[in-house]
């Protein structure tokens with residue numbers, strides 16, 4: 001398992017050993033240029049805070065606020081160019097979500113100020129609720145928190 005250190009903004013590997021406590025991000029993918037890849041970290045494209053997308057920096061900040069040093073985000077913690085690693089990650093996904101201390105569900109299509117109890121709100125019609133992978137993440141997570149686009 002590879003985790004993002006929220007203080008150093010570096011990926012750290014925990015293969016063959018138990019990982020430290022971590023939080024995990026559940027989200028729907030945006031356009032390719034909006035997502036951060038494992039390669040982006042290796043290439044140093046995110047070394048400057050100004051180059052980090054809000055989804056990534058917001059997740060790391062929330063993890064720090066909650067007292068955690070590590071976060072797992074699929075887009076950057078999995079090397080998708082390595083087919084063996086990708087398959088192992090897919091097979092481990094449920095367990096990783098189950099073992100996370102907190103799962104942050106980021107609803108990028110829900111604006112700030114929504115009323116989640118209103119059946120007509122953007123919250124209830126978020127695409128997060130209709131994606132296959134997010135169903136598994138919803139079921140696996142023991143502590144789930146929802147966040148809007150703000």
* Modelled label-to-label distance, residue 146 and residue 124, 7 Å Cα→beta-carbon offset: nm? -> 1.0 nm
* Structure fact -> Two pseudo-spin positions, 7 Å from Cα along C-beta at residue 115 and at residue 45, lie apart in nanometres by 4.1 nm
* For residue 65 and residue 101 in one chain, what is 0.36 nm times their gap in residues minus the Cα-Cα distance, to one decimal in nm? -> 11.6 nm
* Just rank 17, 90, fewest to most, by other beta-carbon atoms within 10 angstrom. => 17, 90
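What value in Å³ per residue do you get for the convex hull of the alpha-carbon atoms in segment 1-69? It would help to have the intermediate numbers written out before the result.
Working: hull volume 6.8 nm³, N = 69.
It is 99 Å³ per residue.
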* Efficiency of FRET between residue 82 and residue 18 - r from beta-carbon atoms, R0 25 angstrom, step 0.05 -> 0.65
* Asked: Relative to the longest principal axis of the chain, what angle (0 to 90°, nearest 10) does the C-alpha long axis of helix 83-99 take?
  -> 50 degrees
* To do: With runs of 4+ DSSP H residues as the only contributors, calculate the mean residue ellipticity of the chain at 222 nm using -39,500 (n - 2.57) per run, divided by the residue total and rounded to the nearest 500.
  => -9000 deg cm²/dmol
* **Degrees between helix 54-65 axis and first principal axis of the chain (Cα, 0 to 90, nearest 10)** => 80 degrees
* To do: May I ask you to derive the relative contact order of the chain, considering only C-alpha pairs under 8 Å and at least 6 residues apart, and to give it as an integer percent?
  => 29 percent
* To do: Taking the Cβ of each residue in 1, 93 as the centre, tally the other Cβ atoms inside 10 Å and list the residues starting with the fewest.
  => 93, 1
* **Antiparallel DSSP beta bridges within the chain, as percent of all bridges there, nearest 5** => 35 percent
* Answer label, with Cα Rg over 2.2 N^0.38 Å calculated from the coordinates and candidates (i) 2.04; (ii) 1.38; (iii) 1.02 -> (iii)
* Convex hull over the Cα atoms of segment 74-150, averaged projected area in nm²? -> 5.7 nm²
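Computed from the coordinates by the stated procedures, all read-outs in this text should not be read as laboratory data. All values derive from a computational prediction rather than experimental measurement. As a convention, Cβ positions derive from the backbone with ideal geometry for all residues, glycine included, and neighbour counts pool all protein chains shown.
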